[in-house]
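See structure below.
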Amino acid sequence: MMQDKALLEVQDLCTYFPIMQGVIRHKAGEIKAVDHVNLSVRQGETLGLVGESGCGKSTLGRSILRLIKPTSGRVLFKGENVTDASDQRMRALRQHMQIVFQDPYASLNPRMIVGDIIAEPLRIHDAKLPETELRQRVEQMLEVVGIESDAAMRYPHEFSGGQRQRISIARALILHPEFVFLDEPVSALDVSVRSQVLNLIRELQKKFGLTYLFISHDLSVVRHISNRVGVMYLGSIVELAPKKKLFENPLHPYTKALMSAIPVPDPDVQINRIVLEGDVPSPADPPEGCRFHTRCPEACAECGKPGALQKMIEVEPEHYVLCSLY
């Protein structure tokens, strides 16, 4: 799907975690956190991923970066298979693929000063860089993300949540990567500073020509920053489309339910809320056929049949959906 000029391609990716039980710790099953996901990310775009907590968004992103070893499938970065790369080759590739974690309070080492935190990637990947030049680049990057250069000698606890996330972004960009995985980068921040960090992320994308995979459970944030949006449910992507098409014409019943839950500030506006019944099935024992059919208000007899859904269907140009209704 949309693999022309793709910087990153994910092909049939699966990441399963074993369930170990008993005294001798035998495998009793597996959690299918990411199950047969296919997508591509174009050079210079922002692909947003939305879905409920626990649907596999973060696991997908970390599997792409090989922070988690995928069970099967392939991840191609600029045509190179990342999933089979050696540790030595993976170390080199990490210069071009970086991550900004969700919680800026936990992702920064409290015992290191900010200058050393940002400089650490440079020390790892460019050990011969003179200390004076290293410090200069750290100060320049701090200024780029909107923090005074003298902050390099301070510790993370001396900064607010928004400032800490700016420091995390500076650490990710110090190597000038091409691809950045943003794992809910504003969800732990106060509402008052979210827009500032989001605008910074967009400005940096334009300045450095970055490609983003942006994960969030906040539809308004994804709508603000993304070019295309994928919707995940229980380890699978159920809909993928350009932002405008997805928000104006959602096709999958789960996407429709998500859209109907968006708050509307005007109390006089009547919204047809779609209330889903039942609980989200366990990823250790997902339903046969369509993962969503046990809660879907539009489910038919075909939806629950094994092997009913094998791949996404292009309903209209660049608008893909995984649903038996189409």
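The values are calculated or read from the model by the stated rules, or taken from the named source; none is laboratory data. Being a predicted model, the structure only gives us computed values, none of them experimental. Here the Cβ is made from the backbone with ideal geometry for all residues, glycine too, and neighbour counts use every protein chain on show.
Could you check Pro177 against (1) within 17 Å of the chain's Cα centre (by Cα); (2) assigned to a helix (DSSP H, G or I) and say which number it fails?
Of the numbered conditions (1) within 17 Å of the chain's Cα centre (by Cα); (2) assigned to a helix (DSSP H, G or I), the odd one out for Pro177 is (2).
Listed here are the residues, each with its yes/no results for (1) of a type in the set (Gly, Ala, Ser); (2) touching a Ser or Thr at 6+ places or on another chain (Cβ under 6 Å); (3) modelled with pLDDT of 95 or more.
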position	(1), (2), (3)
Ala6	yes, yes, no
Met20	no, no, no
Lys27	no, no, no
Leu39	no, no, no
Leu76	no, no, yes
Tyr105	no, no, no
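In the set Asp190, Asp150, which member is more than 28 Å from Gly56 (Cα to Cα) and at pLDDT below 95? Walk me through how you get there before you give the answer.
Working: Asp190 fails: more than 28 Å from Gly56 (Cα to Cα).
Going through Asp190, Asp150 in turn, the sole match is Asp150.
Would you mind stating whether Val186 is part of a helix (DSSP H, G or I) and among the β-branched types (Val, Ile, Thr)? Give the steps one after another, and end with the answer.
Details: part of a helix (DSSP H, G or I): no; among the β-branched types (Val, Ile, Thr): yes.
Against the criterion (part of a helix (DSSP H, G or I) and among the β-branched types (Val, Ile, Thr)), Val186 does not qualify.
Can you pull out every residue in the range 277-314 that is touching a Leu at 6+ places or on another chain (Cβ under 6 Å) and of a type in the set (A, V, I, L, M, F, W, C)?
The answer is Cys290, Leu309, Met312.
Of these, Ile124, Ile117, which one is crowded, with 18+ Cβ neighbours inside 10 Å and either of a type in the set (S, T, N, Q) or not in a strand (DSSP E or B) (or both)? Break it down stepwise before answering.
Working: Ile124 fails: crowded, with 18+ Cβ neighbours inside 10 Å.
When all the criteria are applied, what remains is Ile117.
Can we say Pro130 is under 24 Å from Arg62 (Cα atoms) and at pLDDT below 95? Give the derivation first.
Details: under 24 Å from Arg62 (Cα atoms): no; at pLDDT below 95: yes.
It is false that Pro130 is under 24 Å from Arg62 (Cα atoms) and at pLDDT below 95.
What number of residues within the range 263-281 satisfy the criterion of being loosely packed, with under 10 Cβ neighbours inside 10 Å and either hydroxyl-bearing (Ser, Thr, Tyr) or more than 30 Å from Ile31 (Cβ to Cβ) (or both)? Quick ask: steps written out before the conclusion?
Taking the range 263-281 and keeping what is loosely packed, with under 10 Cβ neighbours inside 10 Å, we get 263-270, 272-273, 275, 277-279.
This time we only want the ones that are either hydroxyl-bearing (Ser, Thr, Tyr) or more than 30 Å from Ile31 (Cβ to Cβ) (or both), so: 263-270, 272-273.
Looking only at that region, the number is 10.
Just to be sure I understand, how many residues within the range 95-110 are part of a loop (DSSP other than H, G, I, E, B) and touching a residue at least 24 places away in the same chain (Cβ under 8 Å)?
Looking only at the range 95-110, we keep the residues that are part of a loop (DSSP other than H, G, I, E, B), and these are 95-96, 101-110.
Imposing the further condition that a residue be touching a residue at least 24 places away in the same chain (Cβ under 8 Å) reduces the set to 95-96, 101-105, 107-110.
Number of matching residues: 11.
When only residues in the range 188-223 that are touching a strand residue (DSSP E or B) at 6+ places or on another chain (Cβ under 8 Å) and among the hydroxyl-bearing types (Ser, Thr, Tyr) count, which is surrounded by the fewest Cβ atoms within 10 Å (Cβ to Cβ)?
Result: Thr211.
The rows are residues; the columns are (1) modelled with pLDDT under 95; (2) touching a helix residue (DSSP H, G or I) at 6+ places or on another chain (Cβ under 7 Å); (3) more than 26 Å from Gln11 (Cβ to Cβ).
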{"residue": "Ser216", "(1), (2), (3)": "yes, yes, no"}
{"residue": "Val221", "(1), (2), (3)": "yes, yes, yes"}
{"residue": "Ile225", "(1), (2), (3)": "yes, yes, no"}
{"residue": "Val231", "(1), (2), (3)": "no, yes, no"}
{"residue": "Leu234", "(1), (2), (3)": "yes, no, no"}
{"residue": "Ala241", "(1), (2), (3)": "no, no, no"}
{"residue": "Asn249", "(1), (2), (3)": "yes, no, yes"}
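Go through the range 178-187 and count every residue that is surrounded by fewer than 20 Cβ atoms within 10 Å (Cβ to Cβ) and closer than 21 Å to Leu142 by Cβ.
0
Assess whether Ser324 counts as being surrounded by fewer than 14 Cβ atoms within 10 Å (Cβ to Cβ) and within 20 Å of Gly235 (Cα to Cα). I'd like the intermediate steps shown before the answer.
Values: surrounded by fewer than 14 Cβ atoms within 10 Å (Cβ to Cβ): no; within 20 Å of Gly235 (Cα to Cα): yes.
For Ser324, the condition - surrounded by fewer than 14 Cβ atoms within 10 Å (Cβ to Cβ) and within 20 Å of Gly235 (Cα to Cα) - is not met.
Here's a check for you: in the range 127-143, which residue that is of a type outside the set (D, E, K, R) and outside any loop (DSSP other than H, G, I, E, B) is surrounded by the fewest Cβ atoms within 10 Å (Cβ to Cβ)?
Initially, the range 127-143 is screened for residues of a type outside the set (D, E, K, R), giving 127, 129-130, 132, 134, 136, 138, 140-142.
Remaining after also requiring outside any loop (DSSP other than H, G, I, E, B): 132, 134, 136, 138, 140-142.
On the way: Thr132: 8, Leu134: 17, Gln136: 12, Val138: 22, Gln140: 12, Met141: 23, Leu142: 22.
Going through the qualifying residues, I end up with Thr132.
So the check is Cβ under 9 Å with 6+ separation or different chains; which pairs have a first residue in the range 167-187 that's farther than 17 Å from Ser216 by Cβ and touching a residue at least 40 places away in the same chain (Cβ under 8 Å) and a second one that's assigned to a loop (DSSP other than H, G, I, E, B) and acidic (Asp, Glu)?
Leu175/Asp126
For Val191, which of the numbered conditions (1) free of Cβ contacts under 8 Å to residues at least 24 places away in the same chain; (2) within 25 Å of Leu47 (Cβ to Cβ); (3) in contact with a Gly (Cβ under 8 Å, 6 or more places away or on another chain) fails to hold?
(3)
Contact list please: Cβ distance under 8 Å, first residue in the range 273-286 and farther than 18 Å from Met259 by Cβ and free of Cβ contacts under 8 Å to residues at least 60 places away in the same chain, second residue among the aliphatic types (A, V, I, L, M) and in a loop (DSSP other than H, G, I, E, B), pairs at least six apart or on different chains.
Qualifying pairs under 8 Å: Pro281/Leu234.
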